[in-house]
Amino acid sequence: MQAVHQPLSEADTMNLIYSPDDYDASGQLRLPLGFWAVLLLQARTWVLFVAAGASREQGSALLELFYPDAHAFWFGLVMGVPAAAGLLLTGYRQRLPRLWQAWRQVLCLSLLLVLLLQGVMLWHGEAELSLPVIIFTGFDLLALCYLNFNTHLRHCFDPQLNGG
């Protein structure tokens with residue numbers, strides 16, 4: 001009589017993919033370095049705001065250098081809220097698994113909104129096409145692809161596969 005082999009579940013497959021070093025002390029997959037880079041990219045205005053606040057005397061000059069238009073600064077702060085909240089939420093992955101699971105989609109939606117609004121502003125001539133705009137738009141597109149297609153990152157947001 002022949003033995004029937006059942007296919008492996010996703011959890012069993014994940015256990016074969018990741019080594020014990022890929023988990024932290026609480027049994028959760030460590031977040032990849034690229035995820036932290038995406039969060040910092042999305043919260044870039046917040047990072048600049050904190051840096052300007054820390055430099056006191058040159059703070060306003062620093063903000064005016066990167067954001068000569070006050071509306072662009074406020075837009076950057078508002079669009080960086082999901083990423084800033086995501087930075088805080090990383091410490092609550094076990095306590096708030098449903099919110100954590102949904103947060104990847106929140107980050108993707110905020111990136112899509114940023115890209116859409118940048119396109120509309122360029123189309124209507126409200127913003128000028130410059131090298132920094134092109135570079136950050138490219139980085140935003142790469143971040144969106146990373147959030148959607150990186151398997152390790154998707155597993156980090158799945159409570160069933162992440163020891164949660």
Next on the checklist: Please list, in order, the residues from segment 126-141 whose amide nitrogen is less than 18 Å from a point placed 7 Å along the Cα→Cβ vector of Ala51.
Outcome noted: 131-137, 139-140
Checklist entry - Where only protein heavy atoms count, and the probe is 1.4 Å, what is the accessible area per residue for the chain in Å²? => result 66
Next on the checklist: Explain nothing, just the number: relative contact order of the chain, from Cα pairs under 8 Å at least 6 residues apart, as a whole percent.
Outcome noted: 32
Checklist entry - How would you rank 94-107, 73-86, 24-37, highest first, on the average number of other Cβ atoms within 10 Å across their residues? => result 73-86, 94-107, 24-37
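At 0.36 nm per residue, minus the direct Cα-Cα distance, what do Leu129 and Gln105 gain on full extension? Give it in nm, one decimal, please. Walk me through the numbers on the way to the answer.
Working: separation 24, 0.36 × 24 = 8.64 nm, distance 2.84 nm.
Residue separation times 0.36 nm, minus the Cα-Cα distance, leaves 5.8 nm.
Ignoring ligands, DNA and RNA, what percent of the 1.4 Å accessible area of the chain is carbon and sulfur? Intermediate results must be reported in sequence, preceding the final value.
Details: 7180 of 10880 Å².
That fraction is 66 percent.
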Item to check | Gln58 versus Asp24: modelled label distance in nm, points set 7 Å from Cα along the beta carbon direction | outcome: 3.4
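The values are calculated or read from the model by the stated rules, or taken from the named source; none is laboratory data. Note that the structure is a prediction, hence the values are computed from the model and not measured. Counting neighbours? That spans all protein chains shown, and the Cβs are built from the backbone with ideal geometry, glycine included. The accessibility values were calculated without ligands, DNA or RNA, using every heavy atom of the protein model including side chains. Shrake-Rupley method; radii C 1.70, N 1.55, O 1.52, S 1.80 Å.
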